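Below is one structure; the comments refer to it alone.
The values are calculated or read from the model by the stated rules, or taken from the named source; none is laboratory data. Just so you know, these numbers come straight off a predicted model, no measurement behind them. Cβ: placed from backbone, ideal geometry, glycine included. Neighbour counts: every protein chain shown.
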Amino acid sequence: MNQLDMNFVAKHIKSAAGRHPDFENIKTVLLKKAPSRHTLFEFFMNDNLYRYLTKRDTVPNDSFEYMQMMIEAYKVAGYDYCTLQGSDFGFHRKDIDHKKSISLNEGVIIYDEESYENYRWLEPEDFNYCRLNKLKLPDGMKIILSGPGGVLENVIALVGFDNLCYMIADNPDLLVQIFKDVGSRLLKYYEICAGYDSVGALISNDDWGFNTQTMISVDDMRKYVFPWHQKIAKAAHNAGKPLILHFCGKKRMQKEWRTL
């Protein structure tokens, strides 16, 4: 962080001093009501901030200690929650180069029926969710649970953006099955996580578009993507938990997600 950033953060920490987490504040906001005080929300921060807020020189290598550091950082910064994932569940991907941007066509694993049949799907039930019981949360704080990428985001990671577009035109049956394989596993992951008392709300996070348009046509979004987010929202609500829909993309998509 540069000096300006540090001065801003230091000023913010001072203003948040003495504030105790109270998840009811963020929950009230999610229910479209007025909270008892100013209420902050941020999907995630970064390692520099986590270190600064917790007065550490380095970030822990151990994943459990890293999550505990995040919880401490969110508390110091005045948040009523911490965003975490419930387990190490995810989808096998190839490593890709991360520079100022990434290619949406690099690391393709599934591109036809044969490669689809050879792909090894991981099952959310096979992963350990004990962190949701073992992490030490300050009094009043809860976890807002996010996913290991979203429905469309994971499909693009597996098939590539160009192949996705070709499949929409040339092999929609295979694409429907791939979306089902991704969506159903994300749904199960959220159903498992929603059952923990430490989880106060869930985020169905995805990448839907750019600054000019959606990744694919809105009609195709309705066909392939939206139904799975609807199922995830229903699972959260069935467990008595609010759901936050987070997506990257053009603001006009708000008209679409209001129908979910």
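Details
- Residue tally, condition out of contact with any Lys or Arg (no Cβ under 9 Å at 6 or more places or on another chain), within 13 Å of His92 (Cα to Cα) and exposed (fewer than 12 other Cβ atoms within 10 Å of the Cβ), over segment 108-138: 2
- Selected residue (criterion: nearest to Leu245 (Cα to Cα)) from residues of segment 164-213 that are touching a residue at least 24 places away in the same chain (Cβ under 8 Å) and charged (D, E, K, R): Asp206
- Any chance Ser101 is in a loop (DSSP other than H, G, I, E, B) and at pLDDT 95 or above: no
- Every residue from segment 1-58 that is β-branched (Val, Ile, Thr) and over 14 Å from Asp80 (Cβ atoms): Val9, Ile13, Thr54, Thr58
- Every residue from segment 39-72 that is surrounded by 13 or more Cβ atoms within 10 Å (Cβ to Cβ) and hydroxyl-bearing (Ser, Thr, Tyr): Thr39, Tyr50, Tyr52, Thr54, Tyr66
- Scanning segment 154-194 for residues that are buried (at least 21 other Cβ atoms within 10 Å of the Cβ) and among the small types (Gly, Ala, Ser) gives Ala157, Gly160, Gly183, Ala194.
- Sole exception among (1) in contact with a Ser or Thr (Cβ under 6 Å, 6 or more places away or on another chain); (2) more than 20 Å from Gly149 (Cβ to Cβ); (3) not in a helix (DSSP H, G or I) for Ile26, by number: (3)
- In segment 74-87, residue surrounded by the most Cβ atoms within 10 Å (Cβ to Cβ) [restricted to those that are over 13 Å from the mean Cα position of the chain (by Cα) and more than 20 Å from Leu245 (Cβ to Cβ)]: Tyr74
- Residue within segment 216-225 that is within 16 Å of the chain's Cα centre (by Cα), within 29 Å of Met70 (Cα to Cα) and part of a helix (DSSP H, G or I) present: no
- Matching residues in segment 125-143 - criterion: being in contact (Cβ under 8 Å) with a residue 40 or more places away in the chain and not in a helix (DSSP H, G or I): Phe127, Asn128, Tyr129, Leu135, Lys136, Leu137, Pro138, Asp139, Gly140, Met141, Lys142, Ile143
- The residues of segment 144-161 that are over 19 Å from the mean Cα position of the chain (by Cα) and in a helix (DSSP H, G or I), listed by number, are Val159, Phe161.
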